[in-house]
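Below is one structure, written out as structure tokens, with a few remarks after it.
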Amino acid sequence: PWRVREFQRRRATVIPVIELTAERATDLRRWNIGLTVLHAVQALLILVLASDFAIAVTTAPPAGPPGTRLPDAETLVDVRIGAAVALFLALAAIDHLLTASVGRGTYEADLRQGINRFRWVEYSVSATVMVLLIGAYSGITEVTALIAIAGANVAMILFGWLQERFNPPAAGQITMMPFWFGTIAGVAPWIAIWFNVLTADEVPGFVYGIVVAETVLFFSFGLNQWLQYRRVGRWSDYLFGEKTYLVLSLVAKSLLAWQIYGGSLSPDG
């Protein structure tokens, strides 16, 4: 048994406690202030410029025993798309504002332990709004399908949080189990989205653009975390991965916002 333990000890990857110097902390604060402004300005622009375009969330409950043909879908609620886009941008702005101000102490203490709880809380809501919008633009509007997509996406984000929670810097053996469980949960909404896009009779070009771009960007977040825990190149520095998250979040949200605006919210859309 002692030989097994010794073998495991030698194989274990020991990650040093993350050094967050005053200079790097100040630099991250500047980043978060800048991202607060960029997200907030975009949210306001969308609210001011967007049309009243809405997509109906529908419902079609069974009208009889199992196997009975479902009735035609009925509108449950009309969702103003401009407001929904502004929402996910505003949530990001609030997150970055908190980490640069009243939550700065907690944020920096977390970073020293290889975690950012603010990120996961914000993503669990903002990224879920985003994937629901992408689903709606690909034709997934039935309320029970949207609930399932939201649940799977929230689970993916929370597994990402657990990945950081279970692997503090001083940990010995790293476990990637939460990461892979989150990957399985996160793939499900995209299978549904791509199924609709590929089987639809007609899909507007801007919707193809949204689905392709956001597929790449959403899974880039997972790749970023995988590179952090595999300590590949510059990702061996956890704070490099943190900045990568900041950039990916800005690009994914901004691109989706203006793709939606150009395709359906602008006066010429």
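Quick one: is Trp161 open to solvent by 10 Å² or more (accessible area, probe 1.4 Å), modelled with pLDDT of 95 or more and under 13 Å from the mean Cα position of the chain (by Cα)? Break it down into steps so the answer makes sense when it comes.
Values: open to solvent by 10 Å² or more (accessible area, probe 1.4 Å): yes; modelled with pLDDT of 95 or more: yes; under 13 Å from the mean Cα position of the chain (by Cα): yes.
Here the answer is yes, as Trp161 does meet what is asked.
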Condition met for Thr36 (hydroxyl-bearing (Ser, Thr, Tyr), open to solvent by less than 80 Å² (accessible area, probe 1.4 Å) and over 26 Å from Val143 (Cβ atoms)): yes
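Identify the residue in the range 23-57 that is outside any helix (DSSP H, G or I) and touching a Leu at 6+ places or on another chain (Cβ under 6 Å) and, among all such residues, is nearest to Ala257 (Cα to Cα). Before you say what the answer is, go through the steps one by one.
Quick first cut of the range 23-57, residues outside any helix (DSSP H, G or I) only: 50-57.
Subsequent filtering for residues that are touching a Leu at 6+ places or on another chain (Cβ under 6 Å) retains 50-51, 53, 57.
Numbers: Ala50: 11, Ser51: 13, Phe53: 14, Val57: 20 Å.
Here the answer is Ala50.
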Test result for Arg69, open to solvent by 50 Å² or more (accessible area, probe 1.4 Å) and either of a type outside the set (Val, Ile, Thr) or over 30 Å from Tyr238 (Cα atoms) (or both): yes
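Being within 30 Å of Glu19 (Cβ to Cβ) and of a type in the set (Val, Ile, Thr) is the requirement here; does Val216 meet it?
Details: within 30 Å of Glu19 (Cβ to Cβ): no; of a type in the set (Val, Ile, Thr): yes.
Here the answer is no, as Val216 does not meet what is asked.
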Extreme residue, nearest to the chain's Cα centre (by Cα), among residues of the range 139-158 that are over 10 Å from Gly186 (Cβ atoms) and among the small types (Gly, Ala, Ser): Ala150
Which numbered condition Asn167 misses (of (1) over 15 Å from the mean Cα position of the chain (by Cα); (2) modelled with pLDDT of 95 or more): (2)
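Conditions tested, residue by residue: (1) assigned to a loop (DSSP other than H, G, I, E, B); (2) within 20 Å of Gln42 (Cβ to Cβ).
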| residue | (1), (2) |
| --- | --- |
| Leu76 | no, no |
| Thr99 | no, yes |
| Glu108 | no, no |
| Ile115 | yes, no |
| Trp120 | no, no |
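Name the single residue that is farthest from Asn32 (Cα to Cα) among those in the range 233-253 being under 13 Å from the mean Cα position of the chain (by Cα) and hydrophobic (A, V, I, L, M, F, W, C).
First, pick out the residues of the range 233-253 that are under 13 Å from the mean Cα position of the chain (by Cα): 245-253.
If we keep only those that are hydrophobic (A, V, I, L, M, F, W, C) too, we end up with 246-248, 250-252.
Working: Leu246: 8, Val247: 11, Leu248: 13, Leu250: 11, Val251: 14, Ala252: 16 Å.
For the range 233-253, the residue satisfying everything is Ala252.
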Some residue of the range 80-89 being free of Cβ contacts under 8 Å to residues at least 40 places away in the same chain, touching a Leu at 6+ places or on another chain (Cβ under 9 Å), open to solvent by less than 50 Å² (accessible area, probe 1.4 Å) and outside any loop (DSSP other than H, G, I, E, B): no
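Restricting attention to helices (runs of 4 or more DSSP H) lying wholly within the range 160-265, give those where 3 or more residues are under 22 Å from Ser126 (Cα atoms) and in contact with a Leu (Cβ under 7 Å, 6 or more places away or on another chain). Can you show your working first?
Values: elements: 177-199, 205-230, 238-260.
Ranges flagged: 205-230, 238-260.
The values are calculated or read from the model by the stated rules, or taken from the named source; none is laboratory data. This one's a predicted model, so the numbers in the text were calculated from it and none came from an experiment. Neighbour counts run over all protein chains shown; Cβ positions are idealised from the backbone, glycine included. Accessible surface areas use protein heavy atoms only, side chains included; no ligands, DNA or RNA. Shrake-Rupley method; radii C 1.70, N 1.55, O 1.52, S 1.80 Å.
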